[in-house]
Amino acid sequence: MDAIHINWTKPYTLRTDMPYSVEDFELLTTILSALKWQEKNGDIKMITDSVGKKFYEEIGIDKIWNKEINTSLDHIPEHINPGVFWAAGKLFALRSQSAPIAMIDTDFIVWDEILFDNLPAVTAIHFEDLYSDVYPDKSYFQMKNGYSFDDSWNWSLKACNTAFCVFKNQELIDYYTSEAIRFMENAVDTNDPLKYMVFAEQRLLPMCADKMNLYYSAFSDLNRLFTHAENYFTHTWGMKQQMRDIPELRFDFCKRCVDRIIRDYPHMKDILSNIECIKQYL
């Protein structure tokens, strides 16, 4: 099955005047994610913007995606606030794809073959409970005049984490992305970078599937993912700040990633040796 990585750089460039860059541990998971997907499951491309493409080309990893680096995220409308909707790139990228398609975050690694034939219309990596500090009631959202939530949406459904998500139904891709983008376009700018974004990206997905009477499922659960009981998947989201705060943890993680990359893909050694922030781990 084809897969996409997605990197919209505008949220980064909004925060700083520094040249665009990616932290060492994120670069290494990106490389492992792309190469392991090709080894086990199929083709993969990167959907990004011109800044992202230039960065990957300059550090020499642009060939890890065997299909292409696509810069269609240059065309995300200016009225989409990257400070609030920092993951909007995922929704615009997915909108341009045809089912079946797997969407994989660059900090997520799928280590083995996925049995795609057994999957329903959509399968996310795990469900998320509706804690009110992350997933509030619809009365929380301030929307522009003329916008209304669909009365048939079921607000009691658990959210779907889309760090890894496989879509097999084109109508669901079309409906979900159009509703998510419509929500982002009509949200009043409240500078809330959490609740608005996760509603559009993660809570709307099961609502849309449910309305279409489509079955959806999850590959794993939080307990397995965070207790090292999960051998199929690695997601570093929860340990990124720890790696920033603890140099020893960061070094150990990056060293293990480099060793694994070179072991599984020996041709990558020369490429890694030319990346300034990675040299120390060889």
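The values are calculated or read from the model by the stated rules, or taken from the named source; none is laboratory data. All values derive from a computational prediction rather than experimental measurement. We place every Cβ from the backbone using ideal geometry, glycine too, and count neighbours over all the protein chains shown. In case anyone asks, the SASA skips ligands and DNA or RNA and just uses the protein heavy atoms, side chains included. Shrake-Rupley method; radii C 1.70, N 1.55, O 1.52, S 1.80 Å.
Quick one: count up the residues across the stretch 222-275 that are open to solvent by 80 Å² or more (accessible area, probe 1.4 Å), over 22 Å from the mean Cα position of the chain (by Cα) and free of Cβ contacts under 8 Å to residues at least 60 places away in the same chain. First the steps, then the outcome.
Of all residues in the stretch 222-275, those open to solvent by 80 Å² or more (accessible area, probe 1.4 Å) come to 223-224, 226, 228, 231-232, 237, 241-242, 244-245, 247-248, 251, 256, 263, 266-267, 269-270, 274.
Still in the list and also over 22 Å from the mean Cα position of the chain (by Cα): 245, 247-248, 251, 256, 263, 266-267, 269-270, 274.
Still in the running and free of Cβ contacts under 8 Å to residues at least 60 places away in the same chain: 245, 247-248, 251, 256, 263, 266-267, 269-270.
Of the residues in the stretch 222-275, 10 are open to solvent by 80 Å² or more (accessible area, probe 1.4 Å), over 22 Å from the mean Cα position of the chain (by Cα) and free of Cβ contacts under 8 Å to residues at least 60 places away in the same chain.
For the stretch 202-215, what are the residues that are in contact with a strand residue (DSSP E or B) (Cβ under 6 Å, 6 or more places away or on another chain) and either free of Cβ contacts under 8 Å to residues at least 12 places away in the same chain or closer than 9 Å to ALA159 by Cβ (or both)? Walk me through how you get there before you give the answer.
First, the residues of the stretch 202-215 that are in contact with a strand residue (DSSP E or B) (Cβ under 6 Å, 6 or more places away or on another chain): 202-203, 205-206, 209.
If the condition is that a residue be in contact with a strand residue (DSSP E or B) (Cβ under 6 Å, 6 or more places away or on another chain) and either free of Cβ contacts under 8 Å to residues at least 12 places away in the same chain or closer than 9 Å to ALA159 by Cβ (or both), then GLN202, ARG203, LEU205, PRO206 are the ones that fit.
Of the residues that sit in the stretch 102-129 and are in a helix (DSSP H, G or I) and free of Cβ contacts under 8 Å to residues at least 12 places away in the same chain, which one is least open to solvent (accessible area, probe 1.4 Å)? Lay out the reasoning, then the answer.
At the first step, the residues of the stretch 102-129 found to be in a helix (DSSP H, G or I) are 116-118.
Narrowing the set further to residues that are free of Cβ contacts under 8 Å to residues at least 12 places away in the same chain leaves 117-118.
Working: ASP117: 143, ASN118: 121 Å².
Top of the filtered list is ASN118.
Mind checking whether some residue in the stretch 24-43 is among the polar types (S, T, N, Q), over 17 Å from the mean Cα position of the chain (by Cα) and closer than 30 Å to VAL122 by Cα? Before you say what the answer is, go through the steps one by one.
From the stretch 24-43, those among the polar types (S, T, N, Q) are 29-30, 33, 38, 41; that's our starting set.
Within this subset, residues satisfying the condition of being over 17 Å from the mean Cα position of the chain (by Cα) are 38, 41.
Checking which are closer than 30 Å to VAL122 by Cα leaves us with 38, 41.
Yes, the stretch 24-43 has at least one match.
Keeping to the stretch 86-96, report how many residues are part of a loop (DSSP other than H, G, I, E, B) and under 10 Å from the mean Cα position of the chain (by Cα). Working first, answer last.
Within the stretch 86-96, the first condition is being part of a loop (DSSP other than H, G, I, E, B), and the residues that meet it are 86-87, 96.
If we keep only those that are under 10 Å from the mean Cα position of the chain (by Cα) as well, we get 87.
Looking only at that region, the number is 1.
Here are the criteria: (1) within 14 Å of the chain's Cα centre (by Cα); (2) assigned to a loop (DSSP other than H, G, I, E, B). Tell me which single one ALA99 does not satisfy.
Status for ALA99: all satisfied but (1).
Looking at (1) assigned to a helix (DSSP H, G or I); (2) touching a residue at least 40 places away in the same chain (Cβ under 8 Å), which one does ARG182 not meet, given that it meets all the others?
Condition (2) is where ARG182 drops out.
Any residue that is surrounded by 23 or more Cβ atoms within 10 Å (Cβ to Cβ) and not in a strand (DSSP E or B) - is there at least one of those in the stretch 164-174? Working first, answer last.
We begin by selecting, within the stretch 164-174, every residue surrounded by 23 or more Cβ atoms within 10 Å (Cβ to Cβ); these are 164-167, 173.
So of that shortlist, the ones also not in a strand (DSSP E or B) come out as 173.
Taking every residue of the stretch 164-174 in turn, at least one turns out to be surrounded by 23 or more Cβ atoms within 10 Å (Cβ to Cβ) and not in a strand (DSSP E or B).
Out of the helices (runs of 4 or more DSSP H) lying entirely within the stretch 1-85, which hold 1 or more residues that are open to solvent by less than 20 Å² (accessible area, probe 1.4 Å) and more than 20 Å from ASP259 (Cβ to Cβ)? Show your work before the answer.
Values: elements: 10-15, 24-40, 50-59.
Hits in the stretch 1-85: 10-15, 50-59.
Would you mention how many residues in the stretch 223-254 are over 22 Å from PHE55 (Cα atoms) and either in contact with a Leu (Cβ under 9 Å, 6 or more places away or on another chain) or of a type in the set (Val, Ile, Thr) (or both)?
10
Given the residues ASN154, ASN161, which is the only one that is open to solvent by less than 60 Å² (accessible area, probe 1.4 Å), farther than 22 Å from GLU78 by Cβ and in contact with a His (Cβ under 7 Å, 6 or more places away or on another chain)?
Values: ASN154 fails: in contact with a His (Cβ under 7 Å, 6 or more places away or on another chain).
From the options ASN154, ASN161, the qualifying one is ASN161.
Restricting attention to the stretch 173-201, which residues are over 18 Å from the mean Cα position of the chain (by Cα) and among the hydrophobic types (A, V, I, L, M, F, W, C)?
The answer is PHE183, ALA187, VAL188.
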